[in-house]
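The values are calculated or read from the model by the stated rules, or taken from the named source; none is laboratory data. Just so you know, these numbers come straight off a predicted model, no measurement behind them. Glycine gets a Cβ as well: all are built from the backbone with ideal geometry, and neighbour counts include every protein chain shown.
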Amino acid sequence: MSDNLKTEIQRINGYLKEVVTFFDATGKPISQVINPLMVELRPRDILQIFVGAFLVATPLCFTEEVWNLSISLQNRNVYALGAVSYIVVALYIYFNFYKDKIKGHIMEFTKRTFATYLITASSIVLVLALIDKFPIQTTPYIALKRVIIIGFPALFGAVISDSFK
C-alpha cells in the first residue's frame, strides 16, 4: 500500500463502506472516496435479486418453447445447464463483490450465492404456478427442468441487478 493513501472499512448509516483517504506529501488528508462494500446480504439486495430474476424469468415462463423444451431436453443437458449457471454466477459474485475481500467473508459469499439461486428459483416457481405450468404433483421432474431452464438466464438478471447500488 502506498504512503499517500489509507484504506479502512467503516460502518456508515448501517452499511459497510470502504473509505479511502488520500494524503499529500506532508501527510495531511486531501480527499476521501467512499465505496460501498457489498459483502453483506441485506434486505435491499434480496429485493434486487428477486426483481432482476423476475424481469428475465417472467417472459420466459409464458413461452411454449420453454414448456416443450423441458419435456424434450435430456436430463444430462438440463443438469449441465444448471452446473454452468452455478459456476458462472458464483464466479460473477466472487469477482464483483468479494475478490479482494473474501477473507473473513466466506460465509457471506456462500450465503449470497445460495440466496441468489433460491430467490431466482422462487420467482420462477411463483410465475409458473400462477399460470398453471408448474406440474410439481403430476410430473415433478418436468417442473424441476422448467425451473433450471428458465433459471439459466434469470440468474444472470438476478446477479446483474444485485450489483447495482
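A few notes on this one:
- Looking across Val39, Val33, one residue alone is within 23 Å of Phe95 (Cα to Cα), out of contact with any Leu (no Cβ under 8 Å at 6 or more places or on another chain) and in contact (Cβ under 8 Å) with a residue 12 or more places away in the chain. It is Val33.
- Set side by side, the residues Ser70, Ser85 differ, and just one is closer than 30 Å to Asn35 by Cβ, assigned to a helix (DSSP H, G or I), outside the structural domain of Lys17 (by TED's automatic domain parsing) and not aliphatic (A, V, I, L, M), which is Ser85.
- Some residue of the range 13-35 being among the hydroxyl-bearing types (Ser, Thr, Tyr), loosely packed, with under 12 Cβ neighbours inside 10 Å and not in a loop (DSSP other than H, G, I, E, B): yes
- Pairs where the first residue, in the range 79-104, is closer than 15 Å to Ala121 by Cα and the second is small (Gly, Ala, Ser), C-beta under 7 Å, 6+ apart: Ser85/Gly151
- Residue check: Met38 meets all listed conditions (1) surrounded by 14 or more Cβ atoms within 10 Å (Cβ to Cβ); (2) within 30 Å of Lys145 (Cα to Cα) but one, namely (2).
- Inside the range 128-165, residues that are in contact (Cβ under 8 Å) with a residue 24 or more places away in the chain and surrounded by fewer than 14 Cβ atoms within 10 Å (Cβ to Cβ) make up a count of 4.
- Condition check for Val147: hydrophobic (A, V, I, L, M, F, W, C), assigned to a helix (DSSP H, G or I) and farther than 20 Å from Val78 by Cα: no
Here is a yes/no grid of residues against (1) touching a Cys at 6+ places or on another chain (Cβ under 8 Å); (2) of a type in the set (Val, Ile, Thr); (3) modelled with pLDDT under 95; (4) over 30 Å from Arg11 (Cβ atoms):
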site	(1), (2), (3), (4)
Leu41	no, no, yes, no
Arg76	no, no, no, yes
Lys101	no, no, yes, no
Ile106	no, yes, yes, no
Phe114	no, no, yes, no
Val125	no, yes, no, yes
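- Scan the range 79-109 for residues that are closer than 21 Å to Val147 by Cβ and under 16 Å from the mean Cα position of the chain (by Cα) and the total you get is 11.
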